[in-house]
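Peer 1: Here it is, the structure, as structure tokens.
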There are 2 protein chains.
Amino acid sequence: MPRRAMPEDGRPRPSTIRDVARHAGVSVATVSRILSGTYPSAPATRGKVMRAVRELDYVANAHARGLAGVRPKSVAIVVTSVVSPHYAHVAQGVQDQAVREGRLCIVGTTGGDPERELATVRLLREEHAEAVILVGNIVADDAYRRRMAGYARALAVAGSQLVLCGRPPLGDDVPAIVVEYDNTGGAYAITSHLLSAGHRRILFLGRRPGYTTPEARVAGYRAALAAHRVPHDPLLEVDGTMERHEGHRMMRERLEAGPRDFTAVFAGNDLIAAGARQALRERGLRVPDDVSLAGFDDLPPAADIDLTTVHVPHEELGRTAVRLALENATPGAAQHVMLGTHIVVRDSVRPVGQG
Amino acid sequence: MPRRAMPEDGRPRPSTIRDVARHAGVSVATVSRILSGTYPSAPATRGKVMRAVRELDYVANAHARGLAGVRPKSVAIVVTSVVSPHYAHVAQGVQDQAVREGRLCIVGTTGGDPERELATVRLLREEHAEAVILVGNIVADDAYRRRMAGYARALAVAGSQLVLCGRPPLGDDVPAIVVEYDNTGGAYAITSHLLSAGHRRILFLGRRPGYTTPEARVAGYRAALAAHRVPHDPLLEVDGTMERHEGHRMMRERLEAGPRDFTAVFAGNDLIAAGARQALRERGLRVPDDVSLAGFDDLPPAADIDLTTVHVPHEELGRTAVRLALENATPGAAQHVMLGTHIVVRDSVRPVGQG
DNA sequence: TCATCCCGTTGAAACGGTTACATGAACTGG
DNA sequence: CCAGTTCATGTAACCGTTTCAACGGGATGA
């Protein structure tokens with residue numbers, strides 16, 4: 001049973017390095033150096049100290065350590081929500097790498113609200129984390145760029161490295177690390193896959209002008225059409241957000257609006273694909289017999305519905321973000337990395353006419 | 001552009017409360033008091049200080065504040081993995097409540113490894129978070145109980161409140177808050193639902209002796225059978241973990257082993273249900289036409305596959321954990337709360353004989 | 001025998017806040 | 001006009017750790 005000092009109010013107080021020093025009969029400086037382990041010391045002293053540490057169940061006070069100038073061992077990730085599979089997987093990658101490097105991980109959610117993002121970054125500035133990783137799809141307008149530039153500079157002053165994950169770079173003057181993945185390439189590849197199966201009328205679900213991720217995916221879709229010399233019909237692009245119920249809505253409205261004028265569907269992500277598939281089934285249309293369907297992300301719902309989709313290296317995104325941030329000894333560096341994507345063929349696409 | 005002190009090495013250093021005091025022409029005590037807001041001050045002084053704070057872009061140093069005896073504004077949650085939907089939803093609830101109460105949230109993952117759990121709790125002890133929330137299914141053996149009792153006492157000394165979420169209580173001598181949900185009641189209700197539809201041979205997938213969550217669900221299943229005077233056949237309980245691929249394996253092996261001897265399936269959770277459903281389809285059996293299927297959790301895959309299941313208040317679990325921990329001014333209190341569950345009827349159960 | 005060196009150890013000064021206590025100015029009432 | 005009171009602000013101690021500069025003492029070399 002560890003002995004601890006008991007102040008007057010009766011509640012025990014954590015043992016300090018002073019308690020350990022007294023218990024071992026040495027000075028606090030000696031204890032500190034022996035625990036940090038990077039300094040020579042007599043084996044006998046070391047033994048005494050370690051025994052005292054065990055007997056008092058001593059752990060260092062992270063705040064005192066942080067104050068004394070040792071960089072706190074923590075990284076932070078800020079996402080819209082942790083229940084969204086994309087963010088969850090990136091967060092898992094961040095976690096993995098953080099644990100591997102002996103760091104704690106702070107997670108903040110914003111619900112997509114810039115006010116909450118600002119408040120979170122403020123709290124993280126107080127915390128002096130080693131890295132602050134911002135994840136996700138955004139509108140890359142001027143206000144956004146200014147906000148990020150502000151974050152980057154403020155965080156650099158606090159000794160933290162800003163990392164943008166799955167977002168476009170801001171320019172060389174902004175000290176941020178950017179870790180992207182190839183949205184346009186993936187969309188190009190899977191659209192080509194549909195085109196190779198003979199589809200010419202491919203519905204795109206989930207356009208969202210201004211937002212970088214869906215825009216990049218639409219760009220890949222259009223580029224593939226152009227490369228195959230298939231005319232681009234703007235009416236085949238449907239606007240909506242990247243949620244399941246939106247996929248359902250977009251498909252339902254389309255089917256109610258008139259006769260079906262497409263043979264395949266490229267959903268902006270797997271959630272939209274799942275919703276669209278449900279709407280199709282509700283109208284008696286089966287995937288892939290009546291309509292071919294492709295998604296984007298390769299996240300859990302995809303396997304359940306046998307969806308051909310684009311694999312995104314979510315966890316590697318998180319791991320890379322942490323790795324680069326910690327490699328970069330001097331906070332405030334700029335760097336840009338793009339990770340690849342590839343298509344995963346399951347059973348949701350069939351050659352046209354073989355329904 | 002905020003002015004900041006520039007040490008010799010050329011990198012700016014964050015401005016301190018001293019810089020603000022000098023800039024505003026007051027003492028640091030005044031600045032501290034005005035910023036904490038809990039003390040009277042002259043409007044003129046207040047204005048000067050706030051202007052200095054803005055001009056210097058000052059944020060307090062969380063470590064210094066923590067060291068000076070102010071409880072750091074943070075709660076921690078420890079889960080097996082953040083990609084698992086159950087944990088993700090609980091974590092979301094914790095996040096929500098943490099933000100609402102102005103706290104930062106630290107998230108640790110253990111991958112189910114007690115070593116990593118121990119290391120994480122150690123780091124959190126150093127951090128002096130207000131609450132440490134441990135989530136999830138475990139083997140409640142003696143070693144586990146001792147470990148938790150140790151955590152609870154060590155954390156209480158550090159000023160943190162231990163909260164166990166979705167786990168059974170440990171006994172009144174262990175200072176931990178327990179927030180549970182009604183596994184047995186939910187399993188009882190959904191088994192009764194199947195029984196009311198005329199099913200008598202109900203396969204249970206995902207038994208796992210020793211683990212508290214599946215054990216509680218099996219108990220509810222058995223209790224419902226007994227209440228309806230339906231004989232309990234131990235051969236209808238299949239062992240397996242709570243993952244999708246395990247659901248697929250259990251069902252596949254069962255179907256390969258001999259003729260089908262059940263009309264309904266109660267899967268230990270929605271993931272198992274999703275895997276089992278796939279295995280059924282691979283053998284040409286449709287849900288609910290040929291086989292009725294029920295799950296547990298009401299998480300994303302459930303809606304995709306139209307699964308009748310038991311709703312678990314995941315997010316409320318997380319919110320409640322934070323709320324109770326913060327309400328409890330003195331860390332080291334024991335308390336026990338049980339949240340209710342209820343069934344959600346979709347389209348995966350059909351009266352027996354109406355296939 | 002004495003100066004020199006090295007090793008292990010120590011005392012004390014940061015680090016950046018909070019807060020109990022001291023101080024002084026401006027009011028109030030007799 | 002002065003003692004007493006109130007209010008705003010300043011002074012300084014303290015939180016627990018790291019680290020620099022100094023120090024004691026045994027071994028070494030001259």
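Peer 1: On average, how many beta carbons from a partner chain sit within 10 Å of the beta carbon of a residue in A:12-18?
Peer 2: Neighbouring Cβ atoms belonging to other protein chains average 2 per residue here.
Peer 1: Which net charge results for the neighbourhood of A:A216, defined as the other residues with beta-carbon distances under 12 angstrom from its beta-carbon, given Lys and Arg at +1 and Asp and Glu at -1?
Peer 2: Combined, the nearby Lys, Arg, Asp and Glu give +2.
Peer 1: Please compute P(r) over all alpha-carbon pairs of the stretch B:238-290, binned at 10 Å starting from zero, and give each bin as a whole-number percent.
Peer 2: 27, 62, 11
Peer 1: For the stretch B:124-231, rounded, prolate or oblate, judged on the Cα gyration tensor with a ≥ b ≥ c (square roots of eigenvalues), a/c < 1.5 rounded, else prolate if a/b > b/c?
Peer 2: prolate
Peer 1: Please report the net charge: other residues with Cβ closer than 10 Å to the Cβ of B:N61, K and R +1, D and E -1.
Peer 2: 0
Peer 1: Could you tell me what fraction of 2.2 N^0.38 Å the Cα radius of gyration of the stretch A:36-112 comes to, as a two-decimal ratio?
Peer 2: For the stretch A:36-112, the normalised Cα radius of gyration is 1.59.
Peer 1: Still on this structure: Considering every residue in B:199-212, what mean count of other chain Cβ atoms within 10 Å of its Cβ is obtained?
Peer 2: Counting other chains' Cβ atoms within 10 Å and averaging over B:199-212 gives 0.
Peer 1: Just to be sure I understand: with springs between alpha-carbon atoms less than 10 Å apart, which residue in B:V344, B:V230, B:V31 has the highest mean-square fluctuation in the Gaussian network model of chain B?
Peer 2: Answer for the Gaussian network model of chain B: B:V31.
Peer 1: Among B:G206, B:L170, B:A158, whose Cα projects farthest towards the positive end of the dipole of the stretch B:87-238, with charges put on the beta-carbon of Lys, Arg (+1) and Asp, Glu (-1)?
Peer 2: Farthest along the dipole direction, towards plus: B:G206.
Peer 1: What Rg and what Dmax come out for the stretch B:71-131 when only alpha-carbon atoms are used, in angstroms?
Peer 2: Answer for the stretch B:71-131, Rg first and Dmax second: 11.6, 32 Å.
Peer 1: Oh, and also: Starting from the Cα gyration tensor of the stretch B:216-332, multiply each eigenvalue by 5, take the square root, and state the resulting semi-axes largest first in whole Å.
Peer 2: 32, 18, 13
Peer 1: Tilt of helix A:43-56 relative to the longest C-alpha principal axis of chain A, in degrees (0 to 90, nearest 10)?
Peer 2: Taking Cα atoms only, the helix is inclined about 70 degrees.
Peer 1: Now for a separate question. Only Lys, Arg, Asp and Glu count, each charged at its Cβ (+1, +1, -1, -1), so figure out the dipole size of the stretch A:276-355 about its Cα centre, rounded to 20 debye.
Peer 2: Taking the Cα centre of the stretch A:276-355 as origin, the dipole is about 140 debye.
Peer 1: Can you give me the long-range amide H partners of A:I133? Hydrogens built in the peptide plane at 1.01 Å from N, cutoff under 5 Å, separation of 5 or more residues or another chain.
Peer 2: For A:I133, whose amide H was placed from the backbone, the distant partners under 5 Å are A:A76, A:I77, A:V78, A:V163.
Peer 1: From the phi of every residue in the stretch B:59-70, what ³J(HN,Hα) in whole Hz does the Karplus formula 6.51 cos²θ - 1.76 cosθ + 1.60 yield, where θ is phi - 60° and glycine or proline is x?
Peer 2: In residue order, the calculated couplings are 10, 5, 8, 4, 6, 4, 5, x, 5, 6, x, 8 Hz.
Peer 1: Assuming R0 = 56 Å, can you tell me the calculated FRET efficiency for the pair B:Y39 and B:V345, based on Cβ-Cβ distance, to the nearest 0.05?
Peer 2: 0.45
Peer 1: To continue, here is another question. Rounded to the nearest 500, what is chain A's calculated 222 nm mean residue ellipticity when only DSSP H runs of at least 4 contribute -39500 (n - 2.57) each, over all residues?
Peer 2: -14000 deg cm²/dmol
Peer 1: Follow-up. Along the charge dipole of the protein assembly as shown, pointing to its positive end and built from +1/-1 on Cβ of Lys, Arg, Asp and Glu, which listed residue (A:L299, B:G66, A:V79) has its Cα farthest out?
Peer 2: B:G66
Peer 1: Using 7 Å Cα-to-Cβ label points, what is the B:A189/A:D173 separation (nm, one decimal)?
Peer 2: Those two pseudo-labels are separated by 6.0 nm.
Peer 1: Which value results for Rg/Rh of the stretch A:1-134 when Rg is the Cα radius of gyration and Rh the Kirkwood radius based on the inverse mean 1/r?
Peer 2: The Rg/Rh ratio comes out at 1.11.
Peer 1: Once you place label points 7 Å from the Cα toward the Cβ at A:L118 and A:A68, how far apart are they in nm?
Peer 2: With each label point 7 Å from Cα toward Cβ, the separation is 3.8 nm.
Peer 1: Another one. When we measure straight from the Cα of A:K73, which lysines land under 29 angstrom away, once same-chain ones fewer than 8 places off are left out?
Peer 2: A:K48, B:K73
Peer 1: Moving on. Across peptide A:293-306, how many C-beta atoms of other chains are within 10 Å of each residue C-beta, on average?
Peer 2: Per residue, the average neighbour count from other chains is 3.
Peer 1: Rank A:V163, A:V82, A:V70 by mean-square fluctuation in a GNM of chain A with C-alpha springs under 10 angstrom and give only the top-ranked residue.
Peer 2: Looking only at A:V163, A:V82, A:V70, the largest GNM fluctuation is found for A:V70.
Peer 1: Determine the shape class of chain B: with a ≥ b ≥ c the square roots of the Cα gyration tensor eigenvalues, call it rounded for a/c under 1.5, and otherwise prolate if a/b is greater than b/c, oblate otherwise.
Peer 2: prolate
Peer 1: Can you give me the convex hull volume of the Cα atoms of the stretch A:132-177, divided per residue and expressed in Å³?
Peer 2: Dividing the Cα hull volume of the stretch A:132-177 by its residue count gives 59 Å³.
Peer 1: So how far, in whole Å, is the C-alpha centre of the stretch A:34-74 from the one of the stretch A:195-231?
Peer 2: Each part reduced to its Cα centre gives a spacing of 58 Å.
Peer 1: What residues have an amide H closer than 5 Å to that of B:V178, excluding those fewer than 5 places away on the same chain, when H is modeled at 1.01 Å from N in the peptide plane?
Peer 2: B:L164, B:Q335, B:H336, B:V337
Peer 1: Out of residues 5 or more away from B:E237 or on other chains, whose amide H comes under 5 Å of its own, with H placed 1.01 Å from N in the peptide plane?
Peer 2: B:F204
Peer 1: Rg over Rh of the protein assembly as shown, using C-alpha atoms and the Kirkwood radius, what does it come to?
Peer 2: When Rh is taken as the Kirkwood radius, the ratio is 1.01.
Peer 1: Then there's this: Just to confirm my numbers, what's the Cα centroid distance between the stretch A:81-99 and the stretch B:104-149 in Å?
Peer 2: 19 Å
Peer 1: Another question about this same structure. Going by alpha carbons, how many degrees (0 to 90, nearest 10) lie between the helix axis of A:212-227 and the longest principal axis of chain A?
Peer 2: 40 degrees
Peer 1: Please state the charge dipole magnitude for the stretch B:117-237, taken about the Cα centre, from unit charges on C-beta atoms (+1 on K and R, -1 on D and E), reported in debye and rounded to the nearest 20.
Peer 2: Value, rounded to 20: 460 debye.
Peer 1: Treating the beta-carbon of each Lys and Arg as +1 and of each Asp and Glu as -1, no other charges, what is the dipole magnitude of chain A about its Cα centre, to the nearest 20 debye?
Peer 2: It comes to approximately 1300 debye.
Peer 1: Sorted by mean Cβ packing within 10 Å, highest first, what order do the peptides A:262-272, A:301-311 take?
Peer 2: Highest mean packing first, the order is A:262-272, A:301-311.
Peer 1: Further question on the same structure: Against the empirical 2.2 N^0.38 Å scaling, what ratio does the C-alpha Rg of the stretch B:171-230 come to?
Peer 2: Against the empirical 2.2 N^0.38 Å value, I get 1.34 for the stretch B:171-230.
Peer 1: Give a residue-ordered list of calculated ³J(HN,Hα) values for the stretch A:301-306 (Karplus: 6.51 cos²θ - 1.76 cosθ + 1.60, θ = phi - 60°; whole Hz; x for Gly, Pro).
Peer 2: Result, rounded to whole Hz: x, 4, 5, 4, 10, 6.
Peer 1: In nm², what is the average projected area of the convex hull enclosing the Cα atoms of the stretch B:208-277?
Peer 2: So the mean shadow area of the Cα hull is 4.7 nm².
Peer 1: Moving on to the next point. To the nearest 10 degrees, how steep is helix A:244-257 against the longest Cα principal axis of chain A, on a 0 to 90 scale?
Peer 2: Rounded to the nearest ten degrees, it is 10.
Peer 1: Something else: Contour minus end-to-end for A:R260 and A:R145, with contour as 0.36 nm per residue of separation and end-to-end as the Cα-Cα distance?
Peer 2: Extra length available between A:R260 and A:R145 comes to 37.3 nm.
Peer 1: Got a sec to turn the phi values of the stretch A:117-131 into Karplus ³J(HN,Hα) couplings, 6.51 cos²θ - 1.76 cosθ + 1.60 with θ = phi - 60°, whole Hz, x for Gly and Pro?
Peer 2: Using θ = phi - 60°, the values come out as 4, 4, 4, 5, 4, 4, 4, 6, 5, 4, 7, 6, 5, 5, 9 Hz.
Peer 1: So, one more: Once the other residues with Cβ under 9 Å from the Cβ of B:H311 are scored (Lys, Arg +1; Asp, Glu -1), what is the net sum?
Peer 2: -2
Peer 1: Convex hull over the alpha-carbon atoms of the stretch B:105-168: what's its volume per residue in Å³?
Peer 2: Spread over its residues, the Cα hull of the stretch B:105-168 gives 78 Å³ apiece.
Peer 1: Right, something else. Which percentage, to the nearest 5, of the DSSP beta bridges contained in chain B is antiparallel?
Peer 2: 10 percent
Just so you know, all these numbers are worked out from the coordinates, no wet-lab data involved. Note that the structure is a prediction, hence the values are computed from the model and not measured. As a convention, Cβ positions derive from the backbone with ideal geometry for all residues, glycine included, and neighbour counts pool all protein chains shown.
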